[in-house]
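**Student:** Below: one structure in structure tokens.
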Amino acid sequence: MTFQNTREFARELDSQDTLNHYQDQFLFPKVNDKRVIYFTGNSLGLQPKRTKAYIDEVMNDWADLAVEGHFYAEKPWWDYQERFAEPLSKIVGALPSEVTVMNTLTVNLHLLMVSFYQPKGKRYKIICEEKAFPSDQYMFQSQVHFHGYKTEDAIVEIKRREGEHNIRLEDVLAKIEEVGDELALVLIGGVNYYTGQVFDIKTITEAGQKAGAKVGWDLAHAAGNIKLELHDWNVDFAAWCSYKYMNSGPGNASGCFVHEKHHNNPDLPRFAGWWGHNKERRFKMEPNFDPVHGADGWQISNLPVLSLAPYLASVEMFAEVGMDALIKKRDHITSYLEFILHEIDKEVKGNFEIITPSNPIERASQLSVFLHGEGRSLFDYLMKNGVITDWREPNVIRLAPVPLYCSYEDMYDFGQILKKGILEK
């Protein structure tokens, strides 16, 4: 398709968009009494209008039933998380028994590393990407220290080549081969939070396991955003937050994946708790832990049902839409945003540099843009004029045109506001 930088063309694209009506199912902040253009779904997704009803249901059951809500609520609390198994499995490409919801992201990654980071002898090293999200870096440091290793010895970062913004797949595979039989774990972000680069999860997983390591993924920026086939790709474990592309609310519960090949391994260590115990025998208060079969066996504590309610509202919306439809629009609207950026760059004689890969296979719903020659004042202008975006030092803005609630006309309007902000400085 040949794109055009006109309002009429953007509106025509919206009229053809089968997901366009979902925009009306979200609540938008307003600036100057006008609905914002929201580009920060990669940090916090917008609130679906249906969310409140899911929370109210729990609140009403609590009011009317109190403790009996565990068994007699419309959605009984004691097995509330089981309602996520089917829809979440389709979002991440898993068997229903391989997914669960609990805790928050870094907590779950720590808990999964109890099971899957077991350094022994010379096999103790962890491979991660350079400039992983800081929480992952802190996690790696504390994990290797806990096991008695030094950070500089145990953590191996895959680096970008000089002058390049993204990590080459060939360099990931070469580093795995280089570390070889010293490698205990590969744990990388499925989508890099800064550049928006999508990693080849299937190929990297296969290479890490061939080297004798376990392979896990931080899918914070991937779940609900890219096509995942965690079961078929033979991924050992993964975790993701729910408040970015899945719109479950700030700091909300995390999803986990544990491949079924690990479900029947009694020698696999884990930190146990009451909620992971055999469901049918949980209230017998037995002294010895008997884990629920599947990912639910990694549960520890009674679940925060009030937090899970907004997440359930979201995954049921995803079940309606389907990942294939989301990804089709994601690719198209991201390409249109890329076109708009290039057009505005020419009109203002600027020097924009999109550091997200241009290959659609290596990117998702994010474009990270170096605004060479521009400063923080441009970001401030965008925010004051109703464009909610994300600033990263030194002068990068991250733009996430989330397909559920961003329109093509939003992309056009953003371009006009951006142009005006540059010309007026």
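The values are calculated or read from the model by the stated rules, or taken from the named source; none is laboratory data. The shown structure was predicted, so the numbers you read here are calculated from the model rather than taken from an experiment. Heads up, the Cβs are rebuilt from the backbone with ideal geometry, glycines too, and the neighbour counts pull from every protein chain shown. Keep in mind that these areas ignore ligands, DNA and RNA; they rest on the heavy atoms of the full protein, side chains included. Shrake-Rupley method; radii C 1.70, N 1.55, O 1.52, S 1.80 Å.
**Student:** In segment 359-381, which residues are more than 15 Å from PHE414 (Cβ to Cβ) and of a type in the set (Val, Ile, Thr)?
**Tutor:** ILE361
**Student:** I would also like to ask the following. For segment 213-244, which positions are aromatic (Phe, Trp, Tyr) and open to solvent by 20 Å² or more (accessible area, probe 1.4 Å)? Can you show your working first?
**Tutor:** Going through segment 213-244, the residues aromatic (Phe, Trp, Tyr) turn out to be 217, 233, 237, 240, 243.
Hits for segment 213-244 are TRP233, TYR243.
**Student:** Can you pull out every residue in segment 152-168 that is farther than 14 Å from THR195 by Cβ and under 24 Å from the mean Cα position of the chain (by Cα)?
**Tutor:** ILE155, VAL156, GLU157
**Student:** While we're on this one: Is it the case that some residue within segment 401-417 is out of contact with any Ser or Thr (no Cβ under 7 Å at 6 or more places or on another chain) and closer than 26 Å to GLU164 by Cα?
**Tutor:** No, every residue in segment 401-417 fails to be out of contact with any Ser or Thr (no Cβ under 7 Å at 6 or more places or on another chain) and closer than 26 Å to GLU164 by Cα.
**Student:** Okay, moving on. Considering only residues that are open to solvent by 20 Å² or more (accessible area, probe 1.4 Å), within 19 Å of GLY224 (Cβ to Cβ) and either in a helix (DSSP H, G or I) or of a type in the set (S, T, N, Q) (or both), which ones fall in segment 28-44?
**Tutor:** Answer for segment 28-44, where residues must be open to solvent by 20 Å² or more (accessible area, probe 1.4 Å), within 19 Å of GLY224 (Cβ to Cβ) and either in a helix (DSSP H, G or I) or of a type in the set (S, T, N, Q) (or both): just SER43.
**Student:** Please enumerate the residues belonging to segment 4-33 that are hydroxyl-bearing (Ser, Thr, Tyr) and more than 31 Å from the chain's Cα centre (by Cα). Let's see the steps before the verdict.
**Tutor:** Going through segment 4-33, the residues hydroxyl-bearing (Ser, Thr, Tyr) turn out to be 6, 15, 18, 22.
Of everything in segment 4-33, just one residue is hydroxyl-bearing (Ser, Thr, Tyr) and more than 31 Å from the chain's Cα centre (by Cα), namely THR6.
**Student:** Could you look through segment 181-210, keep only residues that are in contact with a helix residue (DSSP H, G or I) (Cβ under 7 Å, 6 or more places away or on another chain) and surrounded by fewer than 20 Cβ atoms within 10 Å (Cβ to Cβ), and pick out the one that is farthest from LEU399 (Cα to Cα)?
**Tutor:** Across segment 181-210, the extreme among qualifying residues is THR203.
**Student:** Right, another one. Can you confirm whether SER358 is at negative phi, polar (S, T, N, Q) and crowded, with 20+ Cβ neighbours inside 10 Å? First the steps, then the outcome.
**Tutor:** On the way: at negative phi: yes; polar (S, T, N, Q): yes; crowded, with 20+ Cβ neighbours inside 10 Å: no.
It is false that SER358 is at negative phi, polar (S, T, N, Q) and crowded, with 20+ Cβ neighbours inside 10 Å.
**Student:** Please tell me if ALA73 is in contact with a helix residue (DSSP H, G or I) (Cβ under 9 Å, 6 or more places away or on another chain) and over 24 Å from LEU228 (Cα atoms).
**Tutor:** Working: in contact with a helix residue (DSSP H, G or I) (Cβ under 9 Å, 6 or more places away or on another chain): yes; over 24 Å from LEU228 (Cα atoms): yes.
Yes: the conditions hold for ALA73.
**Student:** Mind telling me which of the residues VAL387, VAL369 ends up being surrounded by 22 or more Cβ atoms within 10 Å (Cβ to Cβ) and without any contact (Cβ under 8 Å) to a residue 60 or more places away in the chain? First the steps, then the outcome.
**Tutor:** Numbers: VAL387 fails: without any contact (Cβ under 8 Å) to a residue 60 or more places away in the chain.
Testing whether each residue is surrounded by 22 or more Cβ atoms within 10 Å (Cβ to Cβ) and without any contact (Cβ under 8 Å) to a residue 60 or more places away in the chain leaves just VAL369.
**Student:** Return the only residue of PRO76, PRO96 being at pLDDT 95 or above and touching an Asp or Glu at 6+ places or on another chain (Cβ under 6 Å). Write out each step before concluding.
**Tutor:** Details: PRO76 fails: touching an Asp or Glu at 6+ places or on another chain (Cβ under 6 Å).
Within the list PRO76, PRO96, the selection yields PRO96.
**Student:** Please indicate, with yes or no, whether at least one residue in segment 59-72 is farther than 24 Å from TYR22 by Cβ, touching a residue at least 40 places away in the same chain (Cβ under 8 Å), of a type in the set (A, V, I, L, M) and outside the structural domain of HIS221 (by the TED database).
**Tutor:** Taking segment 59-72 and keeping what is farther than 24 Å from TYR22 by Cβ, we get 59-72.
The next check asks that each one be touching a residue at least 40 places away in the same chain (Cβ under 8 Å); those that pass are 59.
Restricting the remaining residues to those that are of a type in the set (A, V, I, L, M) gives 59.
Still in the list and also outside the structural domain of HIS221 (by the TED database): 59.
Yes, some residue in segment 59-72 is farther than 24 Å from TYR22 by Cβ, touching a residue at least 40 places away in the same chain (Cβ under 8 Å), of a type in the set (A, V, I, L, M) and outside the structural domain of HIS221 (by the TED database).
**Student:** Being open to solvent by less than 10 Å² (accessible area, probe 1.4 Å) and either farther than 29 Å from GLN47 by Cβ or among the polar types (S, T, N, Q) (or both) is true for just one of ILE344, ILE333. Which residue is that?
**Tutor:** Residue meeting the stated conditions: ILE344.
**Student:** Among the candidates GLN25, GLN47, GLN16, single out the residue that is under 21 Å from ILE327 (Cβ atoms), open to solvent by 40 Å² or more (accessible area, probe 1.4 Å), among the polar types (S, T, N, Q) and in contact (Cβ under 8 Å) with a residue 40 or more places away in the chain. First the steps, then the outcome.
**Tutor:** Numbers: GLN47 fails: under 21 Å from ILE327 (Cβ atoms); GLN16 fails: in contact (Cβ under 8 Å) with a residue 40 or more places away in the chain.
One residue alone meets the criteria, GLN25.
**Student:** Provide a single number: the residues in segment 58-73 that are of a type in the set (Asp, Glu) and under 30 Å from the mean Cα position of the chain (by Cα). It would help to see each step written out before you state the result.
**Tutor:** Let us first name the residues in segment 58-73 that are of a type in the set (Asp, Glu), namely 61, 64, 68.
Filter again for under 30 Å from the mean Cα position of the chain (by Cα), leaving none.
Of the residues in segment 58-73, 0 are of a type in the set (Asp, Glu) and under 30 Å from the mean Cα position of the chain (by Cα).
**Student:** Could you tell me how many of the residues in segment 72-87 are of a type in the set (Lys, Arg) and open to solvent by less than 10 Å² (accessible area, probe 1.4 Å)?
**Tutor:** We begin by selecting, within segment 72-87, every residue of a type in the set (Lys, Arg); these are 75, 83.
Filter once more, keeping what is open to solvent by less than 10 Å² (accessible area, probe 1.4 Å): none.
Counting residues in segment 72-87 that are of a type in the set (Lys, Arg) and open to solvent by less than 10 Å² (accessible area, probe 1.4 Å) gives 0.
**Student:** Somewhere in segment 252-259, is a residue over 18 Å from TYR117 (Cβ atoms) and either loosely packed, with under 15 Cβ neighbours inside 10 Å or out of contact with any strand residue (DSSP E or B) (no Cβ under 8 Å at 6 or more places or on another chain) (or both)?
**Tutor:** No, the conditions are met nowhere in segment 252-259.
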